[in-house]
Amino acid sequence: MNIRELFNNGRTVFSMEVFPPKKHDPVSEIFSTLNGLAGLDPDFISCTYGAGGNPADTSTIDICREISEKFGTPAVAHFTCVNNSRTDIDTAVENFRAAGISNVLALRGDISDKTPPKDDFRYASELITYLKQKAPYITISAACYPETHPDSPSVVSDILHMKEKEECGAEHFISQLFFNNEDFYTFREKTLIAGIKSPIEAGIMPVTSKAGILRMVSMCGASIPKKLSRILNRYENDELALRDACIAYAIDQINDLIANDVDGIHLYTMNKPEIAQRVYSAVKNLL
Ligand code: FAD
């Protein structure tokens, strides 16, 4: 199924994201996560691709095949280019084809000191152009940043490069996580002014620990509004209370986004189906 079509029927799309098990964790872990999530019947589930881009690692593809074949849920495979050569990408395209994957979130990937980037693809737009030529049947999604990508010199530059991704063939965007909906609305207005027409899903992460969220925002540059900061400070030593308060915060964010006609909600599940379930059951009648 082409996931772009999900946005044609006038309701709010609700999707979820998982990541492959860590290197030393049993693969079976992801199956119980998928069992829990697929039962909620999301519009699609996406699976991340390990940073550092190892072309021999097919776990993302294997998990996406499982999502669509076993659970009948459309799957989106994340894929990054900065650590992959043209030959690596040709191999990945062949693997997508063999696994029946036709929806890909095409990304640059983070540039790290540990793994120097390869030369063939510098930006997601170059990957998108290449995928469109090599495998035109693939529906391409791309990432966007309500608070601007941390490497970008300006908001304008970042939004123009987002538009470039659409012009190269991206048909749908998923946003970086954010905690202040006003940031998303301001960003959405700017994308409209720039002439971007593809649907944009809002990335929402129900946080479950203060340390976890601080680590996450230091990597992605999202800001923590005062209201959330007060919650984190008040309940930092009370795991259950923190979890409940943060789930309520995420539900509030989603209610407001739906009331403001967001195209879709993309829930960063952190492989915790019980939390996804609580969020989803609170909003499912609003979608
Ligand atoms: P790009 O769109 O290439 O942009 C990167 C930077 O370069 C931006 O600052 C942009 O403004 C700038 N830029 C773009 N084009 C040009 C140009 N032509 N000239 C000059 N500057 C330019 N990472 C993973 O490793 N695995 C994942 O599975 C994964 N999933 C993600 C899912 C989502 C929804 C999001 C939001 C991010 C995800 N990431 C993932 C992180 C992502 O790889 C990083 O944010 C990365 O730093 C940027 O990727 P991009 O595709 O947005 O890059």
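Tell me yes or no: at least one residue of segment 108-124 is within 17 Å of the chain's Cα centre (by Cα), part of a helix (DSSP H, G or I) and surrounded by 19 or more Cβ atoms within 10 Å (Cβ to Cβ). Within segment 108-124, one or more residues are within 17 Å of the chain's Cα centre (by Cα), part of a helix (DSSP H, G or I) and surrounded by 19 or more Cβ atoms within 10 Å (Cβ to Cβ).
Scanning segment 161-183 for residues that are over 19 Å from L105 (Cα atoms) and either in contact with a Leu (Cβ under 7 Å, 6 or more places away or on another chain) or near the ligand (Cβ under 8 Å from one of its atoms) (or both) returns F179, N181. Got at least one residue in segment 200-210 being part of a helix (DSSP H, G or I), at negative phi and at pLDDT below 95? For segment 200-210, residues part of a helix (DSSP H, G or I), at negative phi and at pLDDT below 95: present. Inspect all residues belonging to segment 100-121 and state whether any of them is more than 11 Å from the ligand (Cβ to nearest atom), in contact with a Pro (Cβ under 6 Å, 6 or more places away or on another chain) and farther than 22 Å from S152 by Cβ. No, that holds for no residue. Consider segment 124-139 and keep the residues that are among the hydrophobic types (A, V, I, L, M, F, W, C) and within 11 Å of the ligand (Cβ to nearest atom). The one that is nearest to A92 (Cα to Cα) is L127. Of all the numbered requirements in (1) over 20 Å from the mean Cα position of the chain (by Cα); (2) modelled with pLDDT of 95 or more; (3) among the aliphatic types (A, V, I, L, M), A56 misses one, and that requirement is (2).
Taking the stated definitions as given, is V82 surrounded by fewer than 17 Cβ atoms within 10 Å (Cβ to Cβ) and hydrophobic (A, V, I, L, M, F, W, C)? Against the criterion (surrounded by fewer than 17 Cβ atoms within 10 Å (Cβ to Cβ) and hydrophobic (A, V, I, L, M, F, W, C)), V82 does not qualify.
Scanning segment 61-99 for residues that are away from the ligand (no atom under 15 Å from the Cβ) and either among the small types (G, A, S) or touching a strand residue (DSSP E or B) at 6+ places or on another chain (Cβ under 7 Å) (or both) yields S68, G72, T73, P74, S85, A98, A99. Of the helices (runs of 4 or more DSSP H) contained entirely in segment 212-287, those carrying at least 2 residues that are hydroxyl-bearing (S, T, Y) and out of contact with any strand residue (DSSP E or B) (no Cβ under 6 Å at 6 or more places or on another chain) fall at 226-235, 273-283.
Just to be sure, is A143 touching a helix residue (DSSP H, G or I) at 6+ places or on another chain (Cβ under 6 Å), of a type in the set (A, V, I, L, M) and in a strand (DSSP E or B)? The answer is no for A143. Among the residues of segment 68-80, those identified as touching a helix residue (DSSP H, G or I) at 6+ places or on another chain (Cβ under 7 Å) and modelled with pLDDT of 95 or more are T73, P74, A75, V76, A77, H78, F79.
Annotation for segment 174-183: at least one member residue is among the aliphatic types (A, V, I, L, M) and within 17 Å of the chain's Cα centre (by Cα).
The values are calculated or read from the model by the stated rules, or taken from the named source; none is laboratory data. Please read all numbers here as calculations on a predicted model, not as lab measurements. Note that we place each Cβ from the backbone using ideal geometry, even for glycine, and neighbour counts take in every protein chain shown.
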